[in-house]
Structures are given as structure tokens and as C-alpha cells.
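The values are calculated or read from the model by the stated rules, or taken from the named source; none is laboratory data. These figures come from a predicted structure and were not determined experimentally. All Cβ positions, even for glycine, are placed from backbone atoms using ideal geometry, and neighbour counts span all protein chains on display.
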Amino acid sequence: MITKQLTDPKSIVVIGGSDDVQKPGGKVLKNLIDNNYKGNLYVVNPKADVVQGITCNKNVESLPSVDLAIIAIAAKFCPQTVKTLAEEKETRAFIILSAGFHEESEEGAKLEQEIVDTINSVNGSLIGPNCIGVMNSNYAGVFTTPVPRLDPKGVDFISGSGATAVFIMEAGMPKGLTFASVYSVGNSAQMGVEDILKDMDENFDPATSSRIKLLYVESINKPQMLLKHASSLISKGCKIAAIKSGGSEAGSRAASSHTGALASNDVAVDALFRKAGIVRCNGREELATVAGIFMHPELTGKRVAIITHAGGPAVMLTDSLSNNKLEVPPISGPKADALLEKLFPGSSVANPIDFLATGTAEQLGHIIDACENDFDNVDAMAVIFGSPGLFPVYDVYDLLHEKMNECKKPIYPILPSIINVKDEIEHFLAKGRVNFPDEVVFGNALAKVYHTPAPQPENIETPKVDEKTIRSIIDGADNGYLMPDKVQQLLDAAGITRAGEAVVTSAEDAKKAASDLGYPVVMKVVGPVHKSDVGGVVLNVKTPEAVANEFERMIKIKDTTAILIQPMLSGVELFVGAKREDKFGHMVLCGLGGIFIEVLKDVNAGITPIAQSEALDLIHRLKSYKILQGVRGQEPVNEQHLAEIVTRVSALVTIAPEIFEMDLNPLLGRKDRVVAVDARIRIEK
């Protein structure tokens, strides 16, 4: 819980404050003073009488009541200090800068827990320990620089790493980003990134709260909390972008199924962010750029006019947008010809609209007006205008500012000359604008923002399944892979269409089953994980004699316990799978199946529960989607039926969370149906 004493303290004490501004206690005190904290400011230091002009208290016992304590002393002294402040001085907010807690040792973890217990007992707030602090428009309670311009209309920024918070602010400030608040959660002993976001959601005020949230997360400990409150904030009109680092560990994970190999923790993060509507960024520059894009009107279409006086950046931006499925549409016709007459000879309005190095502010105004009013195939404008340093460009940037106020279509300023026209850019930023100095970083970021979907509804309609039968099978199962007959029963209970099949343990039973199912048939070993690799799959078996011969050969393959027989079906090989991911719940994946899943790895994942619309989105975003649509006369796949199977797998694993991994591979897709041909389900209770 974030208390009022943390966000707007009327009094602050720095425990361990000193005159040495190269130490955290000294620097945080200096930042509070330099940034005009208006409340009562106290210092505790047993070795000093006056610190940075403030009369010093020798111990916490001599303090009056105080709202917020910022603590920068050795870890071993923190528990008693916190106890005294909480129980005797009515302190209800604590920022502990000190390290030496659970990040270092078991003993440190005990100290940390003791502190948390004390603060929880008085319903207080704790940020840290092992953090750089907190700042907002009321106070700058950090020991680092730079301190950005703190403005309630700026961005809220929550970081799991103090140093990274500094670097991200340094990436954003030169672009014009301002900050409403910055939280460095450090060890997250009481509150982590998710908890801070939860509080921002529950206390959101449309009149005063920032509508832009940036997150830097190293571990997601409460994914459902993050999903719920990010979705809620976005539905209230906020925009959220996040970096989640540490995703490469999945590469070393051994898995026994296709789903296990493909469904890493990082895939779960991607799925969670997409479900919540969070724009996922890969680095500091991209995060800062996305934040700048958030500060502009929303891009409602994918067609961008590039307005430039320099050819090279326009070409690079065109490539960036086009490669990310945005459009730089051609512009032509009488209105384009009329615009061209207002520009210098040699200019082009084809898009990019190039008005040459000699182009003027007046000409830029004509171009922007035409894009706003005359060209219906333009949804936004990107204006590239730098300078070789020959003359000032204040007039250009002033006009750009005016047009950004007037136009309904977003105008994105790309001002690359951060040295040549440094003063002019600072003049532009001082008006509350942001700059995108790198056109390629901007283009990639704009595409990410545009392609990130709105949050999925919290309450979705899921298909009806036979819950009683599903629970009966799961409750009676042991850990490990289910036998084929139990798998068949589960698929039937979930309403997943499957091929007819029989499991046999003798050649005679094999011949009878093949006759009942109808020739030709497919024969597969039961037992080995990767059947094809051991010669455990035979297609197009047409006679009783061939069935018997193949049975005798296959039953001798190592680990084989029986033979599965199915009718020979045709169609596009597809894949649907599910995996339980620690803390996230279940992911459901879909893509091309058969051997293609190992070669192409073209799958998309969603976090359960999954509605039909979300399942269709997973399908439509596949790189191989055109194959499903049918190419060169091939029969298309019934994507509605495939999406329904995704939703039914989602419903199945929701009712049966003991399902650890599940593969439907392959399913065979045709225009009239999608049928599961092979399935494996692993239980881990």
C-alpha cells in the first residue's frame, strides 16, 4: 500500500545524512534541498551538529513525529531504527537506500523481513531496500543524478533497477521527457513494480494522474496482478510501455515436448504484455522513444507521410516503417500538383515529401496543411528537419509547434541536429515537446505502438466442456504422460475433434482395428517421445498383411508399449499446445505442425483464458498465415475451427491446471474441419 506520507510527505528525515555528497545519505539530502522540498526536513547523524545547513539530531529518539524516513545507514542498524520511527514517531513511509539485505545473505534476508513486519504492523509503505529512492513533484528523494523536470503531466516510471532507472531517465530527458514520479523498488521487500502499478490503478484520478506509465522489470513475480491493473489503467485511457529483461535463460531449458521447448518464460511475458495491451520494448532508447510517441495523439491508421529536407533519413525511415507493416503511401493528383507549385524546383511530393535543403518554414507549413486537409490517404506526419549549422532554424521549429497544436493528425518531429541546432531544439522542447533524433529508432517504436492491441476483456466467454468427466480423468491420473485412451477421453470431453483410432497390443487386434477404421491407415508407436526419429510412424498402410508386418516390426522399438492405428487423413499439418508456466498460469500456442514446428518455430502464444477473437489473432499473426489461407490453389484451413480448438484447449487446462504440457501435433486442417491426429498430455500435480 502506498501511503499519503510516501507521495506527499509534510516532513522528511534523512537517517545517515551528511555533508559528504559523494555518499547516498549526503546526496539525497542535497537533492531534497536543491529541488526545493517545502516540508520540514530533518537529519539524523550522531557525529555532526549541522549537516548541509540543517541542525542535526543525534538519534531517532530525539526526532518529532515525521511522515517519511529516508534511510542510508548500515543494514544491521535498520530494523531498530525502523521500529522506533514506526512505533514512536508515527512514521508511515520508508525509503531504505542501504544494501546488505536479501540480495547479499541469509542474515540480510532476516533483517529485511523484520523491517517489513514492523512496517506492515502500522500499515506503512516501504520502498527498497537497496534502491535509489523515489521522486515526484513534491520531493526528490533519490541519491542519484540527473533529477529530471518533475511535472504531474509527465510520465510515471517504475523500475526494478536503480542504475537502469538513471540510464533510462538519461535517455529520455534530452528528448524532452518529463516525469510525474519515479519509483526505484530495489529488493521489492514490501512492494514491487506490480504493487506500485496496482496502487496507481486503484487511485487513478482522470483529472490529475499521469496517463503514461513506463516499467523496467527484471522479474515478474505477480503476473496476474500486472495483467489486471495494466489492463485496467489502459482501459481508463493510460498507455503503458515496459522492458522485461532476462529472457534468454529459456534457451538452456530441456523439455520433453514441442510445447515445452517453445513455451519459455519470455514467451509468457510476450503473451502477458500483449493480453494487457503493454508495448514491450527491448532497450532504453526504444522505451524513451515509445514514451515520446505516447505524448502525441493516437495513431489511428498505418499511413504516414514523411516530410523531409534531407533524402537519406527519409529513405531510412521509409524502410523502417515499411519493414514493420506501416505504409508510406504514394501521393499524387491535382492537390499534390498544387502543393508542388508552392515548393522550390526539384522538390518532390510523391512521399517522402522532399522540399530540399533550402526549404523554408513557410513551405513546411504548406506541406503540413496539405497532409492535414487535402490528402485522405495520410493518417500521420513525420517531419525530418535538421541543419548543417549555416543558419538558425527557430522559425521552422516554432511553426512545427504551432501546427502540432492545430492539426488533428499526429505530427512527429524528427530533429537530428542535436549539436548544430542545440539551442533551437532546447527552445522547442521547452514548449513541452519531445524530439525523436533517430528516424529508425522512431520508426521501429511507432510500429510497436501501432501493432500492440488493446487489452483483452477481463471476462470472456469460453466454450462449454464436460467439466465432470475432465476432473474425473485428471483426479484418477498419476504424474507423467496419460495413456492414449485417457487422452482420447479428455479430448472428447473438451469437444476437440479427433481422428478415430485404436490402441492395440497384438497383430490380430491391429488387423481388426484397421479393418474397422477403414484402409488406408496410419500406424504409430505408443511410448517413445519423438516417434518419427525411431521409425515409429508408418503412413498409408493398405492391406491386412502390411498391418501385421508393420506391427511386428514396430512393437520391438525401444520403449514401445502398444501401437496406435488411425485412418489416413490429409490436410495442412497444424499444431496447438499448452504449457503451465510458473506464476503465469497456462499458455496456449498454435502454429504449423508436424516437422515444421521444429524447423520454422512459427508459433504464437496466449495466456489463458483465451477468447475466440484472441485465438484468431494468434492465427492471423503467424508468419505462415498465408499457407493457412491457401496458396497456389491449395485448400485453405478452416481458421474458425482452428481458433475454436485453441479456445477449447484453453478451457481444458483452466479446468485441469494439473496439465503441465499438452501437444496436439499434428492436427490436420482442411476447409471444412480441423482434426487432431496425435495428442500427448503430461500431468504434474
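Quick one: would you say GLU458 is of a type in the set (Asp, Glu) and under 30 Å from HIS229 (Cβ atoms)? Yes. Determine, yes or no, whether ALA140 is touching a residue at least 24 places away in the same chain (Cβ under 8 Å), closer than 29 Å to ASP19 by Cβ, of a type outside the set (Lys, Arg) and not assigned by TED's automatic domain parsing to the domain that holds ARG284. It is true that ALA140 is touching a residue at least 24 places away in the same chain (Cβ under 8 Å), closer than 29 Å to ASP19 by Cβ, of a type outside the set (Lys, Arg) and not assigned by TED's automatic domain parsing to the domain that holds ARG284. Among the residues of segment 152-185, those identified as more than 13 Å from ILE132 (Cβ to Cβ) and among the hydroxyl-bearing types (Ser, Thr, Tyr) are THR178, SER181. For segment 1-27, the tally of residues that are in contact with a Ser or Thr (Cβ under 9 Å, 6 or more places away or on another chain), under 18 Å from CYS131 (Cβ atoms) and outside any loop (DSSP other than H, G, I, E, B) stands at 9.
Residue by residue, here is whether (1) assigned by TED's automatic domain parsing to the domain that holds ILE96; (2) at pLDDT 95 or above; (3) within 21 Å of GLY133 (Cβ to Cβ); (4) aliphatic (A, V, I, L, M) holds:
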{"position": "ASP195", "(1), (2), (3), (4)": "no, yes, yes, no"}
{"position": "ASN203", "(1), (2), (3), (4)": "no, yes, yes, no"}
{"position": "PRO206", "(1), (2), (3), (4)": "no, yes, no, no"}
{"position": "LYS213", "(1), (2), (3), (4)": "no, yes, yes, no"}
{"position": "ASN221", "(1), (2), (3), (4)": "no, no, no, no"}
{"position": "LEU227", "(1), (2), (3), (4)": "no, yes, no, yes"}
{"position": "SER232", "(1), (2), (3), (4)": "no, yes, no, no"}
{"position": "LYS239", "(1), (2), (3), (4)": "no, yes, no, no"}
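For the residues ASP672, ASP678, ASP617, the requirement of being of a type outside the set (A, V, I, L, M, F, W, C), crowded, with 17+ Cβ neighbours inside 10 Å and over 21 Å from the mean Cα position of the chain (by Cα) singles out ASP678. Has segment 340-351 got at least one residue that is surrounded by 14 or more Cβ atoms within 10 Å (Cβ to Cβ), aliphatic (A, V, I, L, M) and in a helix (DSSP H, G or I)? Yes, segment 340-351 has at least one match. Within segment 154-189, the residues that satisfy the criterion of being touching a residue at least 60 places away in the same chain (Cβ under 8 Å), over 30 Å from LEU111 (Cβ atoms), aliphatic (A, V, I, L, M) and not in a helix (DSSP H, G or I) are VAL155, LEU177.
Under the condition of being part of a loop (DSSP other than H, G, I, E, B) and among the hydroxyl-bearing types (Ser, Thr, Tyr), which residue from segment 128-153 is surrounded by the fewest Cβ atoms within 10 Å (Cβ to Cβ)?
Looking only at segment 128-153, we keep the residues that are part of a loop (DSSP other than H, G, I, E, B), and these are 128-132, 137-138, 143-149.
Right, trim to among the hydroxyl-bearing types (Ser, Thr, Tyr) and you get 137, 144-145.
Values: SER137: 18, THR144: 21, THR145: 14.
Selected residue: THR145.
Checking LEU364, LEU340, LEU299 one by one, the residue that is closer than 30 Å to SER210 by Cβ and at pLDDT 95 or above is LEU299 and no other. Can you tell me how many residues within segment 362-415 are in a loop (DSSP other than H, G, I, E, B) and at negative phi? Residues meeting the conditions: 19.
Kindly evaluate VAL449 against the criterion of being under 23 Å from LYS524 (Cα atoms) and either in contact with a helix residue (DSSP H, G or I) (Cβ under 9 Å, 6 or more places away or on another chain) or assigned to a helix (DSSP H, G or I) (or both).
Values: under 23 Å from LYS524 (Cα atoms): no; either in contact with a helix residue (DSSP H, G or I) (Cβ under 9 Å, 6 or more places away or on another chain) or assigned to a helix (DSSP H, G or I) (or both): yes.
Considered against the rule, which asks whether it is under 23 Å from LYS524 (Cα atoms) and either in contact with a helix residue (DSSP H, G or I) (Cβ under 9 Å, 6 or more places away or on another chain) or assigned to a helix (DSSP H, G or I) (or both), VAL449 comes out as no.
For residues that are aliphatic (A, V, I, L, M) and part of a loop (DSSP other than H, G, I, E, B), scanning just segment 550-605, find the one that is surrounded by the most Cβ atoms within 10 Å (Cβ to Cβ). Across segment 550-605, the extreme among qualifying residues is ILE555. Take the residues in segment 445-486 that are touching a residue at least 12 places away in the same chain (Cβ under 8 Å) and basic (Lys, Arg), then tell me which one is farthest from GLU285 (Cα to Cα). Taking the candidates together, the pick is LYS486.
Put simply, of ILE627, ILE619 the only residue that is without any contact (Cβ under 8 Å) to a residue 60 or more places away in the chain and within 27 Å of VAL465 (Cα to Cα) is ILE619.
If you check ALA499, ALA493, ALA477, ALA513 for being surrounded by 15 or more Cβ atoms within 10 Å (Cβ to Cβ) and out of contact with any strand residue (DSSP E or B) (no Cβ under 9 Å at 6 or more places or on another chain), only one passes: ALA493. Taken together, THR300, THR289 contain a single residue that is of a type in the set (Val, Ile, Thr) and within 17 Å of the chain's Cα centre (by Cα), which is THR289. Candidates SER159, SER125, SER98: the one that is hydroxyl-bearing (Ser, Thr, Tyr), within 25 Å of VAL13 (Cβ to Cβ), in the same structural domain as ARG284 (by TED's automatic domain parsing) and surrounded by 15 or more Cβ atoms within 10 Å (Cβ to Cβ) is SER159.
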